[in-house]
Amino acid sequence: MREQRVGEAIREEISDILHNELRDPRVGFLSVTTVEMSADLKVAKVGVSILGDQKQQEQAMKVLRHASGFVRSELAKRISLRQAPDIVFKLDASIEHSLRISKLLNELAEAGPKGAAPASQTGQGKREKTE
C-alpha cells in the first residue's frame with residue numbers, strides 16, 4: 001500500500017519535472033503513465049508513453065535514460081524519503097495501443113455491418129404510396 005502512495009506522488013513529481021525542467025526538444029510529447037515502486041522504495045520503474053513514430057520514441061527513451069540522474073536529483077529535492085529512488089524509464093505503449101483500437105473500431109462503425117446493403121437499396125426508409 002505504501003508503495004502505491006509513494007509511487008503516485010513520484011509519478012506526479014516526475015511528470016512535472018519532465019514537462020517543466022527537462023528542456024530537450026528530442027523528448028517531444030510524453031505522458032508518465034505508471035510508476036512501479038520496489039518493496040524497499042529504492043527503485044522506481046517509470047512507464048512513459050511517447051507520441052511519435054518508433055524512431056522518435058527510441059530517441060526520446062535514450063534522452064530519458066541519460067537524464068535519469070537529473071530527474072532523480074530533482075525528485076530528491078521535492079519528496080521527503082530517506083533516499084531518492086533510482087529511476088528506470090520504460091516505454092509504455094498502452095495509450096498508443098488504445099488509440100489504434102479506437103481508430104479500428106471507428107473504421108468498422110463507418111463501414112457498417114459486412115455485407116449489409118444500404119437502406120436505400122433494401123426499400124427500407126421509403127414509403128410506398130397506396131391508392
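Read-outs: derived from the displayed coordinates by stated rules, not from any lab. Values in this document were obtained by computation on a predicted structure and should not be read as measured data. As a convention, Cβ positions derive from the backbone with ideal geometry for all residues, glycine included, and neighbour counts pool all protein chains shown.
Among the numbered conditions (1) under 23 Å from ILE95 (Cα atoms); (2) surrounded by 19 or more Cβ atoms within 10 Å (Cβ to Cβ), tell me where ASP24 comes up short.
The one condition ASP24 does not meet is (2).
This table checks each residue for (1) closer than 22 Å to ALA9 by Cα; (2) of a type in the set (D, E, K, R); (3) surrounded by fewer than 16 Cβ atoms within 10 Å (Cβ to Cβ).
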position	(1), (2), (3)
ALA44	yes, no, no
GLN57	no, no, no
LEU64	yes, no, no
ALA67	yes, no, no
VAL71	yes, no, no
GLU74	yes, yes, no
ILE87	yes, no, no
HIS97	no, no, yes
